[in-house]
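*Asks:* Here you go, one structure.
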Amino acid sequence: MKKCLLISLISLAMISCSQSLQVASPDGGLTLRFEQTSSGGIAYSVSRGDKMIIAPSPLGFETKEVSLCDSFEITGTEHSSYDDTWETVWGEEREIRDHHNTMTVHLRHVSGMLMDIEFRVFDDGVAWRYHFKGQGDQETNTKLTITEELTSYRFTQGAEAWSIPWRTEYYEGLWQKRTIKGQSDQEPSTKDTLCSPVTLEFEDGTYGFLHEAALTDYPAQNFHVSDGAVRTYLTPWMNAQENNAKSTKEIKAYIETPFETPWRFVVLTKTLPELVASRIMLNLNEPCAIEDPSWIKPTKFMGIWWGMHIKTMTWEQGPNHGATTPNMERYMRFAKEHGIGAVLAEGWNKGWEDWKHFDFTTPYSDWDMDYLTHLSDSLGVQIVGHNETGGNAADYEAQLDSIYRYHADHGIHVIKTGYVAPIIRTKDGLQWNKGQSGVRHYRKVIETAARYHIAIDNHEPVMPTGLQRTYPNLMTQEGVRGQEWNAWSADGGSPCEHVTVLPYTRILAGPVDYTPGVFHFENPVIPTTRVHATLMNQLGLFVCFYSPLQMACDLPEHYMEHPEAFRFIEHVPCDWERSILLDGKIGDYCIFARQERGSSKWYIGGITDENAREVSIPLSFLNDQTANYKTTLYLDADDADWQSKPYAYTIDRMNVTSADTLHLRMAPGGGFAAEIIPF
Ligand code: NOJ
């Protein structure tokens, strides 16, 4: 490892790069070059026009068996182009174009190991993955124990990097801005090892997003910053005691050739709307593996849930038990009346007394599964099942088929899974959930669920990497400091800024089950903690935060305190034809417009941090330039403020055309929502 680092530092001896060792994006804007050191080390660089963005940066691996960092010989290269448009089963838009150029570099290591690196260059970024092919010309099957991946990123300029430390439990942290210095600076600029993804605001005003795609049988990547480069730190196989990114002898992954790693990718755009619009991650995942995915339907849902977090209900059976038959019936009838498609129930099954020994197929005695199944059928309101494992993935996995058969037999086709335990028990013993063994477990759950026509809302997940393209029954995931923290967090709840960071960081990795829509901010049980938002900010989240399973998380009685505002939640869809970030700044504010899938209605949502903000929104994005649109605006009142007057709002109705511009104000901690319908 030391030797490889040294080589990358003194990357003076790069061989000159012939045309065949480079590949440009379809629009010619970005160029990736494959480079080699004089000792056969492998590296790449990226330029935009004449300007280098990523200086020559090392690639390769350390394994227990062999060091794959230098002594490579290039045995050939292949180039190709690809341009196709595919249709999403659900998503932020119906159609996605996958347009890229590919260069595959065939390599032979001195040990005899054959490895290809496949590079793809898109107009908005670059990606690559390693194909381990085996040993010698026969490509003999070989087992390798990976101790580190050497993939690095030597950005030529400094950046503000939005990230969370890699050991943040369940990724439920506040994203922070850290300064990363350019490659010329040899000092480590941040001591933390960071989770993937990282969002970058470069010194020259451009943007970057560093993440991985198609993580299915490998540890999740993390990053540490040292010696002028952002370097990969794979999640260890075992529970490492030290957060020591330089420890190289930890086992990270067991692989057997032929083997393909997940994709590594960097989105590189000039503007924030372009960064948000990038679909590189989805394009790098395999097409849908479910032959007929028509049973997978986006829906809003409510749930017997918030009551447990504000501690007025309990998961376990007792006087305040939440998931009782009458309570579920009340929620389901309310959902029916208000056009909400499904209701989640947590605490319906035995095992909540110790959170360790869950029984996934035996209800508590006050939950009548057969009655509720029939009610669900007759009302047309789905039940969202809940399987909290307490982190015992091994036990859950052993029973998966019988658990999912039980749910399918009771007409339950969405399950929220949970893994509350920082270290989970997998088939391979205690492991990080984002280590290789955890990654395999989650994939097995998704594949099994697909066989039973069950969609998954994965809590305490591995950071999403776009697998929902292949398995669209993986509909949403947590992996975020969600709304529940505003019920009980000892720090008083998430600051207003938090929600204005997520659309540019966590949510770029995939749909999020944040659970928006709190309508009642006082909690007598935990009076020191609250939602730092106005009611209109809570509405704005339904458009700014994307999830095809979108929860309206509050209690029915709280929604009835503001029935006019609740109408927006009744109307707003969660499956989109098109999505556009109209305006925003990371950590300050966010304004999204989205067109409902299969309709010409548009929805706009805005959210701001602790600062009030006036915004102008040209409506030129409306498709029909000649139409008139009936618009309902849900706005913070002039004196609204998340601390003193969170409920103050107004509803304005007006007719607009695409030539109009809306001038709106968001209160401190506020936001807005709009419904725009052509007539
Ligand atoms: C943590 C999840 O994030 C939350 O939504 C759930 O209610 C509890 N675990 C119990 O499973």
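*Asks:* Checking the conditions here, which among His386, His357 is within 26 Å of Val439 (Cβ to Cβ), within 16 Å of the ligand (Cβ to nearest atom) and over 26 Å from the mean Cα position of the chain (by Cα)?
*Replies:* The conditions single out His357.
*Asks:* Hey, another quick one. Are any of the residues in region 536-552 hydroxyl-bearing (Ser, Thr, Tyr) and touching a Gly at 6+ places or on another chain (Cβ under 7 Å)?
*Replies:* No: region 536-552 contains no residue that is hydroxyl-bearing (Ser, Thr, Tyr) and touching a Gly at 6+ places or on another chain (Cβ under 7 Å).
*Asks:* Here's another thing I want to ask about it. Thr505 - would you say it is under 20 Å from Gly606 (Cβ atoms), within 10 Å of the ligand (Cβ to nearest atom) and not hydrophobic (A, V, I, L, M, F, W, C)?
*Replies:* It is false that Thr505 is under 20 Å from Gly606 (Cβ atoms), within 10 Å of the ligand (Cβ to nearest atom) and not hydrophobic (A, V, I, L, M, F, W, C).
*Asks:* Could you please find all residues in region 395-406 being surrounded by fewer than 23 Cβ atoms within 10 Å (Cβ to Cβ) and away from the ligand (no atom under 16 Å from the Cβ)?
*Replies:* Selection gives Glu397, Ala398, Gln399, Leu400, Asp401, Ser402, Arg405, Tyr406.
So that you can scan it fast, the table gives a plain yes or no per residue for (1) more than 16 Å from the ligand (Cβ to nearest atom); (2) under 23 Å from the mean Cα position of the chain (by Cα):
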residue: Ser378; (1), (2): yes, no
residue: Val445; (1), (2): no, yes
residue: Pro461; (1), (2): no, yes
residue: Thr465; (1), (2): yes, yes
residue: Gln468; (1), (2): yes, yes
residue: Gly482; (1), (2): no, yes
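*Asks:* If you don't mind, there's one more thing I want to ask. On the given criteria, is Trp348 buried (at least 23 other Cβ atoms within 10 Å of the Cβ) and either touching a Ser or Thr at 6+ places or on another chain (Cβ under 8 Å) or of a type in the set (Lys, Arg) (or both)?
*Replies:* Judged against the criteria, Trp348 is not a match.
*Asks:* Quick check on my filter: what residues within region 522-543 are of a type in the set (A, V, I, L, M, F, W, C) and modelled with pLDDT of 95 or more?
*Replies:* Listed by number, the residues that qualify are Val531, Ala533, Leu535, Met536, Leu539, Leu541, Phe542, Val543.
Residues checked against (1) on the phi > 0 side of the Ramachandran plot; (2) surrounded by fewer than 22 Cβ atoms within 10 Å (Cβ to Cβ); (3) at pLDDT 95 or above:
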position	(1), (2), (3)
Glu95	no, yes, yes
Arg108	no, yes, yes
Met113	no, no, yes
Ala127	no, no, yes
His131	no, yes, yes
Asp137	no, yes, no
Ile146	no, no, yes
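*Asks:* Then there is this: If you check Gly587 against the conditions, is it surrounded by 15 or more Cβ atoms within 10 Å (Cβ to Cβ) and part of a strand (DSSP E or B)?
*Replies:* no
*Asks:* Looking at Thr85, is it among the β-branched types (Val, Ile, Thr), farther than 19 Å from Gly136 by Cβ and either in the same structural domain as Glu256 (by TED's automatic domain parsing) or loosely packed, with under 15 Cβ neighbours inside 10 Å (or both)?
*Replies:* Considered against the rule, which asks whether it is among the β-branched types (Val, Ile, Thr), farther than 19 Å from Gly136 by Cβ and either in the same structural domain as Glu256 (by TED's automatic domain parsing) or loosely packed, with under 15 Cβ neighbours inside 10 Å (or both), Thr85 comes out as yes.
*Asks:* Where in region 249-336 are there strands (runs of 3 or more DSSP E), lying wholly inside it, with at least 1 residues that are away from the ligand (no atom under 16 Å from the Cβ), over 30 Å from Arg440 (Cα atoms) and touching a residue at least 60 places away in the same chain (Cβ under 8 Å)?
*Replies:* Strands (runs of 3 or more DSSP E) meeting the threshold: 263-269.
*Asks:* Name the pairs: first residue in region 41-52 and of a type in the set (S, T, N, Q), second residue surrounded by fewer than 18 Cβ atoms within 10 Å (Cβ to Cβ), Cβ to Cβ under 9 Å, at least 6 apart or on different chains?
*Replies:* Once the first residue is of a type in the set (S, T, N, Q) and sits in region 41-52, its partners that are surrounded by fewer than 18 Cβ atoms within 10 Å (Cβ to Cβ) give Ser45/Met14; Ser45/Cys17.
Yes/no matrix, rows are residues, columns are (1) crowded, with 24+ Cβ neighbours inside 10 Å; (2) more than 30 Å from Val126 (Cβ to Cβ); (3) in contact with a helix residue (DSSP H, G or I) (Cβ under 9 Å, 6 or more places away or on another chain):
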| site | (1), (2), (3) |
| --- | --- |
| Arg279 | no, no, no |
| Glu286 | no, no, yes |
| Ser294 | no, yes, no |
| Asn320 | no, yes, yes |
| Met328 | yes, yes, yes |
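*Asks:* Can you tell me how many residues within region 626-660 are within 14 Å of Glu564 (Cβ to Cβ) and in a strand (DSSP E or B)?
*Replies:* Going through region 626-660 one residue at a time, the tally reaches 9.
The values are calculated or read from the model by the stated rules, or taken from the named source; none is laboratory data. Treat the numbers as computed from the prediction; the structure is a model and nothing was measured. Reconstructed Cβ throughout: ideal geometry from the backbone, glycine too, with neighbour counts over all protein chains shown.
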